[in-house]
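> Here it is: the structure, laid out below.
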Amino acid sequence: MFAGRPAQSFNRCPALGLPLMPEKEKKERTMRKCCLVLAIGLVALIAISSPRVAAAQGTSGKDCRMEQQCHWKDFKKICVWVKVCR
């Protein structure tokens, strides 16, 4: 702003009455943010790729579902749920 003086950005810490953050803490904070961004990206990639794996398993030629199979025994209808794959 003034000649001979470097421009400084507004720091909220003194305005709030908080002490200035040391340089070491700034670096640690930046590293935490980078690690957080990388972790979120990794989780997103895993979430995107997992439906492809599930879809690939279904294309193996088998179609499985639960069916109710009933039969009569002593004049009573007895039904059982069975997993059928074709």
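Readers should treat all values here as calculations from the given coordinates under stated rules, not as data from a laboratory. Predicted model, so just to flag it, every value in this text is computed and none were measured. Here the Cβ positions follow ideal geometry from the backbone for every residue, glycine too, while neighbour counts run over all protein chains shown.
> Output the peptides 39-49, 65-75 sorted from most to least packed, where packing is the average of other Cβ atoms within 10 Å over each peptide's residues.
Working: 39-49: 9.6, 65-75: 7.8.
In descending order of packing, they fall as 39-49, 65-75.
> Report the extension gain between Gln68 and Leu38 in nm, rounded to one decimal, defined as 0.36 nm multiplied by the number of residues separating them, less their alpha carbon distance.
Numbers: separation 30, 0.36 × 30 = 10.80 nm, distance 4.76 nm.
My answer for the length gained is 6.0 nm.
> At a Cα cut-off below 22 Å, give the lysines reachable from Lys24, other chains included and same-chain residues fewer than 8 away excluded.
Result set, ordered by chain and number: Lys33.
> Would you list, by chain and number, the lysines whose Cα falls below 27 Å from the Cα of Lys83, excluding same-chain residues fewer than 8 positions away?
Hits, sequence-local ones excluded: Lys62, Lys73.
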